[in-house]
Amino acid sequence: MRIILIGYGVVGQSLSNIFLSRRLENLRNYGFNPKVVAITDRGGTAINCKGLDLKRMQKVKIKEGTVAADNEFGHPQIDAQSVLQSVEAEIMIEATSTNITNGEPGLSNIKTAFNTGKHVVTTNKGPLAIAFPTLTELAEHNKVLLRFSGTVGGGTPILEFAKKCLAGDKITEMHGILNGTTNYILTEMTEKRVTFNKALKSAQTLGYAETDPTMDIDGLDTATKIVIIGNWIMNKKFTLKDVAISGIRDIKLGELDTASKKGKRIKLIGSINGKPTVAPKEIHKNNPLCVSDVLNAVTFFSEYAGRQTIIGRGAGGSETASAVLRDLLDIKYNLANKMIMLE
Ligand code: HSE
């Protein structure tokens, strides 16, 4: 399977670590043999149609800041759009930073990948938050697959749980902690009494926060995930502008203490129950949704199966990269099944 990787930050590099360390298991257990034929970062592109040496790419990236500095395979003048137009591959992985103003550059990268017949795995929430219905239609029109597990819940299979494990049932309502950074900040403030800024700095160091951390703090990151869950899982058609959003910027230590005295915790909760909302709310510490640190938790209410909660680490490079690997395997299975049906 030939892959073009666009974006070589925390997630992209974690993914190449997984490819390197799990190469034999992936081949033996899943018949999965990824060949990364191009990597694009902010400095340009490295291309090798026979498959790039990922160890070498990591070294160049660390030393020079861009894979385009590789003296044999690097092309500083080639950007994502030209690589997608000119390099043959079955899959594009879009792992550039989330931009919720216009979804770029991810949105154009995804459209070009579709137009050139490539399946897409994205960890970038911006294009989905802005144009979810359009992108799913476009994928269908071009007869390619779009997968995005890593956009919600990091490595925790929140989307698959609702889509596959609860298939056939009807999810009527959901509530969740969907942002690791804010959960980490609120937990540190409550339990260790550290200041908001100190907790935020440590979330950034640990690689949880978005490039622009206001996305996390002001609830926009949670809102993008609510858009993805609403559209993909609950068949609702809405985008980011339809979500009522407030974040945790103004939460004071005193408010956290008052909640604690009542046996409750303040958490940033995204909900779909009527109008989609994101807001800090008090929840009882015994509620399964009340998880700490960088954990995410989502409770789905479904018509027949009732209340289900899924919990797991919601952010981080290797966690999100594991979701990408899941998506790649899912595409592989889908393509294999299609071939069987055609025979
Ligand atoms: N900044 C996000 C979070 C990363 O903290 O949850 C995962 O989407």
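Readers should treat all values here as calculations from the given coordinates under stated rules, not as data from a laboratory. Remember, predicted model here, so these are calculated numbers, not experimental data. Every residue, glycine as well, gets a Cβ built from its backbone with ideal geometry; the counts of neighbours run over all protein chains shown.
Considering only G230, I130, A259, and ranking their Cα positions along the charge dipole of region 126-275 that arises from unit charges at the beta-carbon of Lys, Arg, Asp and Glu, the one farthest toward the positive end is A259. Note that region 141-230 shows a convex hull volume over its alpha carbon atoms of 139 Å³ per residue.
Of the beta bridges DSSP finds with both residues in the chain, what % are antiparallel, to the nearest 5?
65 percent
What the Kirkwood sum gives for region 294-340 is a hydrodynamic radius of 13.1 Å, with every pair of different alpha carbons counted.
So what is the 222 nm mean residue ellipticity for the chain from helices alone, if each DSSP H run of at least 4 adds -39500 (n - 2.57) and you divide by all residues, rounding to the nearest 500 deg cm²/dmol?
Using -39500 (n - 2.57) per qualifying helix, the result is -12500 deg cm²/dmol.
Select from L240, L289, L329 the residue whose mean-square fluctuation is largest in a Gaussian network model of the chain (Cα-Cα springs shorter than 10 Å). The residue with the greatest mean-square fluctuation here is L329. In this simple spin-label model, placing a label point 7 Å from the Cα along the Cα-to-Cβ direction at both S21 and R42 gives a separation of 2.6 nm. Remark: region 274-283, residue by residue, has Karplus-estimated 3J(HN,Hα) of x, 5, x, 9, 9, 6, x, 9, 7, 10 Hz, where x stands for each Gly or Pro and the curve is 6.51 cos²θ - 1.76 cosθ + 1.60 at θ = phi - 60°. Computed from the Cβ-Cβ distance with R0 of 25 Å, the FRET efficiency linking K252 to E173 stands at 0.25. Counting only alpha carbon atoms, the long axis of helix 180-192 and the longest principal axis of the chain meet at about 40°.
Sorted into 5 angstrom bins from 0, the C-alpha pair distances of region 1-149 split as 2, 10, 20, 23, 20, 14, 8, 2, 0 percent. Over the C-alpha trace of region 93-145, radius of gyration and Dmax come out as 9.9, 28 angstrom.
How high is the FRET efficiency between Q85 and N235 when r is their beta carbon distance and R₀ equals 22 Å, given to the nearest 0.05?
FRET efficiency, Q85 to N235: 0.05.
Were the residues from K164 through D330 laid out at 0.36 nm apart, the gain over their Cα-Cα distance would be 58.6 nm.
Distance distribution note for region 256-343: the fraction of Cα pairs above 22 angstrom is 51%.
When the chain is described by a simple charge dipole with +1 on each Lys and Arg Cβ and -1 on each Asp and Glu Cβ, the residue from F148, I217, L166 located farthest towards its positive end is L166. Only Cα pairs under 8 Å and 6+ residues apart enter the sum, and on that basis the relative contact order of the chain stands at 19 percent. Computed from backbone phi with θ = phi - 60° and the Karplus coefficients 6.51, -1.76 and 1.60, the 3J(HN,Hα) list for region 70-83 is 4, 6, 9, 10, x, 9, x, 8, 9, 9, 4, 4, 5, 5 Hz; x is used for glycine and proline. The charge dipole of the chain, taken about its Cα centre with unit charges on the Cβ of Lys, Arg, Asp and Glu (plus for the first two, minus for the last two), comes to roughly 680 debye. Normalising the Debye intensity of region 69-125 to I(0), with uniform scatterers on Cα atoms only, and taking log10 at q = 0.20, 0.22, 0.26, 0.27 Å⁻¹ returns -0.76, -0.88, -1.07, -1.11.
The residues neighbouring I110, those whose beta-carbon lies less than 13 Å from its own, together hold a net charge of +1 under the Lys/Arg +1, Asp/Glu -1 convention. Given in Å, the Rg to one decimal and the Dmax to the nearest whole number for the Cα atoms of the chain are 20.3, 66. Computed over region 163-309, the alpha-carbon pair-distance distribution with 10 angstrom bins reads 12, 42, 33, 12, 1, each value a whole percent.
Measuring between their Cα centroids, region 89-124 and region 226-280 lie 27 Å from each other.
Each residue of region 97-104 is assigned a 3J(HN,Hα), and the resulting list reads 6, 6, 10, 9, 6, 9, x, 8 Hz, derived from the Karplus form 6.51 cos²θ - 1.76 cosθ + 1.60 (θ = phi - 60°), x at Gly and Pro. Annotation for D293 and T136: the two label points, set 7 Å from Cα along the Cα-Cβ direction, are 3.4 nm apart.
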